[in-house]
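Remarks on the structure that follows.
None of the figures in this text is laboratory data; all of them are computed from the coordinates on show. The model shown is predicted, which means the values in this text are computed figures rather than measured ones. So basically every Cβ, Gly included, is an ideal-geometry build from the backbone, and we count neighbours across all protein chains shown.
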Amino acid sequence: MGGLLGSMLALPCFVLAGLCLPLFPLSVGVNRLLQRQPTRAGDRLAQPGTKALVLVTLPLVGVTLLAAGRWLAADDGGWLVRGFALWGGLTSLLYAFRLLSARDGQIWIGQLYTSALALVWVGVAHDVPPLLPALGLALSLLPLWFLLDGLTRRFGIARTGLYPGLALRMPRFAALFIVAVLVAVAVPFSPGFFAIADLAFGGVGANALLTLLPLSLAWLLWTWAGINLLAGIVFGEPRVDLDYADLDGRAVLGHAGGMMCLALFGLVLVERML
Amino acid sequence: MTTASAKPLAEQLGRDLTLYDAADQLFGTRIGETLNELLIKGLMDFFDEGQSVWRMPGRQQGLFRAWANIARRNRRLRMRGLDVAAILDRADEPEAMIDLVMTRLGVPEQHWMRYVTVELSRLHGWAGFVRWRAQAVHYYWQQRNPADLTDYLAVRLVLALALLEDAGRRLRRDLRWPALLDFAAAHPRECLLRRELNAGTVLPDFAHRIEVALDAGEPAGLDALYLDYEREKITREARTRARRVETMAAAAGMGRDALLGRDDETLHQVIDGVYAAKAHEGMLWTRSLERAHLRWLLAQIDAAAAADAPGAAPAGPMAGGMPQGPGDAVQALFCIDVRSERLRRHLEAVGDYETFGIAGFFGIPIAFVEFGKGHETALCPAVVTPKHVAVEMPHSHAKHAESLFELAHEVVHDLKNTVLAPYVTVEAVGLLFGFDMVGKTFAPRAYNTWRQRLETRKPPARLLFDKLSEADALELVANLQDEMVLRAVERHFAVKREQLTSPMIRELRETALENRKGQTELARRFGLDAAGEAVFIRSLQVEYRVNPDQARIQLEHLAKIGFRPQRQAQLVGAALRGIGLTGGFGRTVLVVGHGSTSENNPYESALDCGACGGDHGLVNARIFAAMANRPEVRKLLKEQGVDIPAATRFIPALHDTTTDEIRLADLDELPPALLRRIDRICEDLTAAGRLTAAERCQALGETGISGPDAAARRVKRHALDWTQVRPEWGLSKNASFVIGRRELTQRVNLDGRAFLHSYDYRVDPKGRLLETILTGPLIVAQWINLEHFFSVVDNEAFGSGSKVYHNVVGRFGVVTGNLSDLRTGLPAQTMLRGHAPYHQPMRLITVIEAPLALVEALLAKLYKPRELVHNGWIRLVVLDPETGRAQVYDPEHREGGAWRPQPIRLPAWAERHNMQAPS
Amino acid sequence: MTKAVYDEAAGMTTDVHGQAPADEAASGQRPGDGGKHRLALGKQLKIRSMVTVAGEVLPFFWPMRQFIHHNPLHGLEHLPFEDAVTEAARLFHARGWLPRSAYQRMLAEGALNRDDISAEVDAFVTAWLGDRSQGDAAATDGEVAAMLREILLAMMTATSQPGPGDREPCAEDVLACLRRGGRG
């Protein structure tokens, strides 16, 4: 399709996609969902597994809606897509800033998720196929998600500053945690990194300032936030009045295995890039 | 950060917490950290002693004014929102500033002193340094850049006020003393919850709820939450304690049922008892440690004495079967340092050596001016102030030619300090540094030997310690002034020495000294008018310091040099009597000072001789030996009752405690007949040194040591290896201080853990020599012992942490990282082996071999030793030879008499030749 | 100059929530020129001496070129050893003794003796029970004493040391938890 009608039909598609590849203020819903505490026993929506599923499936839904919208808009939707790209870039930066002061683990992941997936819009403006980057960014968050869940189970809440010094008391956990945080903030060789690279350079508008600026700024702020998270949890003097229970061998294998798979997926992304 | 405890804020404010600590705990600000950072930056700039290339200007005005001048213009402070300039404009003097800030903060005056104590204890390293500098009036840097605690406190308070006001503005709260107390009084529960949250002791599962409740700010909710929280916390703690009591009972063999089978009253008492004991646990452990060591020590002394009983083979110089004459043994005087113990033991085993322990400065406190250095170093314990000066003069006065190597070295190192040079020179010059680095790391011994060949040696020098007669002093000053006049004339008029006559120079000197008036021959000869001449004379007086005041000062300084013969005899006599060596001198007496060698070690001075003020003891040894070799001194000593035969020669030496090498000094002054004997002594010393090195390698945990040779090579490498964080253990593991004859401990292997001071009570009926020991060496040893004690129990707070993270600041201290409190105490590598403590923390077990009555009389007379003994800072044991009992003083259980006797055998008393008590 | 003398010299009141002195003349200030805060000489000296006395508890720090081994608690040598260590631990936020594990390691290595520890524990128990029961000799030999001795010895030599909690539950609470068997 095309023309003005096409664009008008594309708009609600894009807005719906904006719920899944979050754009502020539509992102509030996703964040609420991700931070939901169990209200009663058996509240399945608040289980970590469910939320992980949400983390992975929402981008897929969003990408589908996005594709639908683009097909509806065809070539005339250029201005629409660029508008959304701008919106996406701004959302990403906003949430990246908010990330710097987030201390609660679930809030942190939620905001990082928002910031990351909003960047997909920026790539879309330059015809980068959004599926693999979106998937890459979302999957990168999973290892951290499960480790934060581990913290919640041990201490009741995943939060920086409450129980520093994990590196001394729970060395295995701390090592995996560090890797997971680095993967989540898209440090080179994580799928998230390749995703961002793809978004930046994969399309026809590669090297344009409007593409690179939000991507690099957001990325910079993520690493800063990642270090904040690490500093408050892994480093520091351990508390003497808490019980620290390290991961056992099986759990270590589980987490490490998951990260291996993620690494392989990252390679796939690279393949696609090249 | 201070942790919140259940004590209310009102009690802790001003006693444990400063205002900004309270604000940090209540409102989550980080004022304390920021304050420390800003303050430390300022302190590092001010106290720099030549390390930085860009120096802080205006430091001679004092710490407060210099800092204020810079802080007023510091834009970065303003960007942080701190209006420091406004505060600084209100007062000029530090005292006025302190008064201003304290009143503005609303601190009531009766709390000021305690508040100030808390403030000063925050950065106790820096504050301790300022405090020391304030009373070190002769310290060069203090004279140039004065600073004292009042300045320091004023700077700290200004920053605190600025930060508090800024935080108050941002939080829109009043953060002054009355306001905080009112807040604590009005909302006690909210206060407590806030403190729990911000001090890092909150229960993690409550954290979110507390935050939410605090944001909402609703009082009823907060009260309810507080009660919940307190109940939960106390319950958890009670549960933990109950579990632990069960564990303890199980470990004692009491099962759970047996435990719970008791009645409530019993269990109640048991629980109370357990938690009361926990408060004293540390002391119980320490006392147990002391008990064990004390018992071992006394048993060893007892066993050694039994082996020494008549009928058994005698030890000491009489050993070896052949009866030796009194002149064949070599006596050696060592420092009381624990490291000398090993060497003494091995030396006595290797040959006929009689060793004595004496404080490392040999009783001669001097201020030493080394050749080429412009300042005095005090070579004596820190408790003593030296009144005499000794100077080092080279044998020849040849101009010290700069070698090309040294020049190049200086240039290359200076390049490091300029800002832009590294970008340019790294390609060209970097290779030189790389060469150095590779050599030093991989082959330290070989590289060091090679480097020594390139570097110019210090010219051989002689020590001047005799008093200058007035005529000599005047001549010296006159010569100096003449030299100055010559230089001035050459510079101002380009007139060389050949064109001047001595009377002309003298005339100019006298004119400058205002001893004569009128036209000088110089003016007449070279046609100077009166004005030009006056200008020249003025310049002589001001620039070249040829003026009466300066002359007087120079004469005063020269008057301090040296000792008169009577004083020399007095010092040598006191030292020899103090160790009980008043007769039976052999033909050689070694006087062995000690020092250490290490590379890249800011703590190098900690390994040197503490009795010499942290320097090596060779200078004192040389002076002592030279004095004791003087015939006029020996004549005076004979009158005192110390008869040194003419054939006896005192030879100074230096024991390098890192490599266990002993180097004899001043050999060029020996008569040639002695040189053969010296060779043999040197061989013996080398052998003893190697054996000591082998023993020490074991303690250092070195592997692959096949014998003493290999050990000696290994420790030599330690001394030269710049990557070695532990060149030697130093004084770690020190445990006791034995004041008595060497025979007490001669057969005992004390494992390098004892300070040994020789003492013979029979030559000291009035106890004066023991008094000197108790007020001097004992205090030094006690300081060493407690320094080690506290550095090992908490290496991060009292010690200085790991050396690996240290950075030298200002050339006088180290900090961890690039900004931290000045680290005091000893580093982790000296106290710990990995994570486990190597030094065993216990108080110094002081053993005195003297009658109990004498010791008690001295303690009653001397304030400081009494305080130390009664308050339990040292553990005193008196071996009473007259009653054959060892009296152990127990400071913690003084009721019913603090002295606890137990029988002990002491070695037989050998007859000393020439045993006369001094008149 | 001790704190008492200083207080007396300053003529202090004992008002805990004292307000800042409002009267300039009374607090020894001079009216400043150009709005600067200036103090009379007497007040200056008072502040100086207050700072000096307050700083006496700090150990000196000599420049490291001449390292002097020095007792960090030198300013507290007028107190008995244990009290001084407690006070220093409070003032400098430090630990005054090694952790129990270090002593237990020394015990394993032979530097410490069980008998010595036992003797010390006995002495402590005797003293403590004696204080509690006001000199009633029977208590110190009774069953409580014996049990306490064994338990304390076991605590020191065979159990690990927990971190210090910041709440002090009374013995009743602990006893209740004990009886409940950790199920409450």
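Absence of a disulfide-compatible partner, taken as no other cysteine beta carbon within less than 4.7 angstrom, is noted in the protein assembly as shown for A:C13, A:C20, A:C261, B:C191, B:C335, B:C380, B:C682, B:C697, C:C170, C:C177. At a 10 Å Cβ-Cβ cut-off, how would you order B:Y889, B:Y759, B:Y152, B:Y805, fewest neighbours first? In order of increasing Cβ crowding within 10 Å: B:Y805, B:Y889, B:Y759, B:Y152. Among the listed pairs B:K7/B:K41; B:K440/B:K733; B:K373/B:K803; B:K467/B:K638, which are separated by more than 24 Å between their Cα atoms? Violating the 24 Å limit, Cα to Cα: B:K7/B:K41; B:K440/B:K733; B:K373/B:K803.
If you plug the beta carbon distance of B:Q698 and B:R506 into 1/(1 + (r/R0)^6) with R0 = 56 Å, you get a FRET efficiency near 0.25. Under 20 Å from the 7 Å Cα→Cβ point of B:R209, by amide nitrogen: which residues of the range B:228-262? Counting only backbone N, you get B:228-240. Computed extension gain for B:A224 through B:E483, at 0.36 nm per residue and net of the alpha carbon distance, reaches 84.4 nm. Counting every C-alpha pair in the protein assembly as shown, the share spaced more than 46 angstrom apart comes to 54%. Between B:R75 and B:Y275, the contour length at 0.36 nm per residue exceeds the alpha carbon distance by 66.6 nm. The slack between B:L171 and B:K517, meaning 0.36 nm per residue of separation minus the straight C-alpha distance, is 116.9 nm.
Starting from the Cα of B:K517, draw a straight line to each of the aspartates and glutamates and keep only those under 19 Å, dropping any in the same chain fewer than 8 residues away. Partners within reach: B:D482, B:E507, B:D529, B:E533, B:D549.
Note on the range B:725-739 and the range B:532-548: Cα centroid distance 56 Å, given to the nearest whole angstrom.
Taking a span of 30 Å or more along the helix axis (Cα atoms) and a mean Kyte-Doolittle hydropathy of at least -0.5 as the rule, the DSSP H helices of chain A that qualify are A:48-73, A:78-100, A:209-233, A:249-273. Please enumerate, by chain and number, the lysines with C-alpha under 26 Å from the C-alpha of C:K43, excluding those fewer than 8 residues away in the same chain. Cα-Cα hits under 26 Å: C:K3. Put a dot 7 Å past the Cα of C:T126, heading toward its Cβ, do the same for B:E867, and the two dots end up 3.2 nm apart. Distance distribution note for chain B: the fraction of Cα pairs above 38 angstrom is 59%.
Panel order for A:W145, A:W87, B:W450, by other beta carbons found within 10 Å of each beta carbon, from fewest to most: B:W450, A:W87, A:W145.
Calculated FRET efficiency, B:R231 to B:A647, Cβ-Cβ distance, R0 = 60 Å: about 0.10 to the nearest 0.05.
Cα centroid separation, the range B:846-906 to the range B:471-491: 60 Å.
Calculated on C-alpha atoms, the gyration radius of the range A:3-273 divided by its Kirkwood radius gives an Rg/Rh of 1.00. From the residues C:T126, B:V130, B:W873, which one has its Cα farthest along the dipole of the protein assembly as shown in the positive direction, the dipole being from +1 and -1 charges on Cβ of Lys/Arg and Asp/Glu about the Cα centre? Of C:T126, B:V130, B:W873, it is B:V130.
In summary, the aspartates and glutamates within cross-link reach of B:K560, defined as a Cα separation below 13 angstrom excluding same-chain residues under 8 places away, comprise B:E376, B:D466, B:E470.
Spacing of the modelled spin labels on A:A256 and B:W450, each 7 Å from Cα toward Cβ, amounts to 4.5 nm. For the pair the range A:59-111 and the range B:687-712, the centres of their Cα atoms are 70 angstrom apart. Ordering B:F46, B:F433 by the number of other Cβ atoms within 10 Å of each residue's own Cβ, fewest first, gives B:F433, B:F46.
Overall shape of the range C:100-161 was characterised from the C-alpha gyration tensor. The equivalent ellipsoid obtained from it has semi-axes of 26, 10, 9 Å, in decreasing order.
Cβ-Cβ distance of B:R564 and B:L667, R₀ of 30 Å, FRET efficiency by 1/(1 + (r/R0)^6): the value works out to about 0.60. Placing pseudo-labels 7 Å out from each Cα toward the beta carbon at A:L33 and B:R295 gives an inter-label distance of 7.3 nm.
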